[in-house]
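Have a look at the structure below before the remarks.
The values are calculated or read from the model by the stated rules, or taken from the named source; none is laboratory data. Since the model is a prediction, treat every value here as computed from it, not as a measurement. Because the Cβ atoms are built from the backbone with ideal geometry, glycine has one as well, and the counts that use them run over all protein chains shown.
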Amino acid sequence: MPEVEIKKGESVDRALKRLKNKLEAEGIMDEMRRLRAFETPIQRYRRKQRTAAKKTRMRFRTNLQVFRRDNSKKSANLESKAESAGEAPSVAPEENTAE
């Protein structure tokens, strides 16, 4: 069970707010709400599906961020190697359309 110590000069309202935040972070408030009333099997199924979808989205986001970071490092390395070798970055030549 999370504990909150009231600091000198701190209001009780602020300490209650910190306690509420800790309870919410640990999932205790969600558990209390869930156990307050009977949950039908379809409600349980839907809740589990929602949590699974949320976890999948979070995993996808973290993997996407890692992928973006890796690719940006690779492109930066390629550009720095081209500049150090004295080569101009490869750019498609423009066609001369004037006759």
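General remarks:
- Residues that are surrounded by 11 or more Cβ atoms within 10 Å (Cβ to Cβ) and not in a helix (DSSP H, G or I), drawn from the stretch 13-44: Glu39
- Test: Ser80 is loosely packed, with under 10 Cβ neighbours inside 10 Å, at pLDDT below 70, of a type outside the set (Asp, Glu) and farther than 30 Å from Asp30 by Cα: no
- Test result for Thr62, in a helix (DSSP H, G or I), of a type in the set (Ser, Thr, Tyr) and at pLDDT below 90: yes
- Tally of residues being at positive phi and over 30 Å from the mean Cα position of the chain (by Cα) across the stretch 7-46: 1
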